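Visitor: Take a look at the following structure, please.
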Amino acid sequence: MKNKYFGTLLSLIFVVLLTTNTRAQTSPMTMPTLGVTNHWTESQLLEPAALVANIKTGTTVPVIFNIGAVEDIKGATHIGAVNKPENLEKLRTAVANLSKNTAIVIYCGCCPFVKCPNIRPAFSELQKLGFTDVKLLNLATNLKTNWVDKGFPLAGK
C-alpha cells in the first residue's frame, strides 16, 4: 500500500516540476528576479520593430540614447555606460535642455535586462528629472540578438 502512494506522490511531484520548468521568460517583466527591481512598466517598453519603423519613416522619431557600451543604433546619441558616474552626468547634460514631455528611448543591450548595470540607473534618473515619456528599448537578450542580427539600422551603416 505504501509503494502505491509513494509512486503516485513521485508522479505528482514530477508533473509539478515538469510544468513549472517549461515556463520560459518571454519578457523582462514576466518573471521578476529576486533582488532586481524594474522601474518601468510593460507600456514603457518599446519593441525594436516599432522603433525601426519610426526610424525608417522619419516620423515621430524619439530622442535615442545609448546608455551602454554597445554599438549605436541609427539616430542614437552615445552616452556610454551610465553605471559610471561621469556617464550618468553626461546623460543629465544631454537632456538638460529638452522639454520634460520629449519622447526619449534609452537602450544598453550589453546583456539581458536582469543583469544590465545601466538601464535601471538611467531610467530612474530620467524619471527623477521629471521626464514623462521615457521608453526602454526592449532588448531582452542583447543588442546583437534583438537588433543587429535582425538587420536593423546601425549608425554609420
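Bear in mind these aren't lab numbers, they're just calculated from the coordinates by the rules spelled out. Because the structure is a prediction, the values reported are computed rather than measured. Cβ coordinates were reconstructed from backbone atoms using ideal geometry, including for glycine residues, and neighbour counts include every protein chain displayed.
Visitor: Put +1 on the Cβ of every Lys and Arg and -1 on every Asp and Glu Cβ in the range 44-122; which of ALA53, ALA76, CYS116 then has its Cα farthest towards the positive end of the dipole?
Guide: Farthest along the dipole direction, towards plus: CYS116.
Visitor: Sum up the charges of everything whose Cβ sits under 10 Å from the Cβ of VAL105, counting Lys and Arg as +1 and Asp and Glu as -1, but leave VAL105 out.
Guide: Values: positive: LYS135; negative: ASP133.
Here the count lands on 0.
Visitor: Please compute the modelled spin-label separation between ASP133 and LYS56, points set 7 Å along Cα→Cβ, answer in nm with one decimal.
Guide: 2.3 nm
Visitor: In straight Cα distance, which lysines are under 27 Å from LYS56, not counting same-chain residues fewer than 8 positions off?
Guide: Cα-Cα hits under 27 Å: LYS74, LYS100, LYS135, LYS144, LYS150, LYS157.
Visitor: Over the range 96-143, calculate the relative contact order: mean separation of alpha carbon pairs under 8 Å at least 6 apart, over the residue count, as a percent. It would help to have the intermediate numbers written out before the result.
Guide: Working: 64 pairs, mean separation 26.3, N = 48.
It rounds to 55 percent for the range 96-143.
Visitor: What number comes out for the charge environment of TRP40, summing +1 per Lys or Arg and -1 per Asp or Glu over other residues with Cβ under 12 Å away? Working shown, then result.
Guide: Working: positive: ARG120, LYS135; negative: GLU42.
Surrounding charge for TRP40 is +1.
Visitor: So, counting K/R as plus one and D/E as minus one, what does the shell of residues with Cβ under 13 Å around PHE131 add up to?
Guide: Values: positive: ARG92, LYS100, LYS128, LYS135; negative: GLU125, ASP133.
Once all neighbours under 13 Å are counted, the net charge is +2.
Visitor: Note down the relative contact order for the range 78-157 as a percent, whole number, built from C-alpha pairs under 8 angstrom at least six residues apart. List each step's numbers first, then the result.
Guide: Details: 90 pairs, mean separation 25.2, N = 80.
31 percent.
Visitor: With the alpha-carbon atoms as the only input, what is the per residue convex hull volume for the range 40-157 in Å³? Can you show the working numbers first?
Guide: Numbers: hull volume 11.5 nm³, N = 118.
With only Cα atoms used, the range 40-157 gives 97 Å³ per residue.
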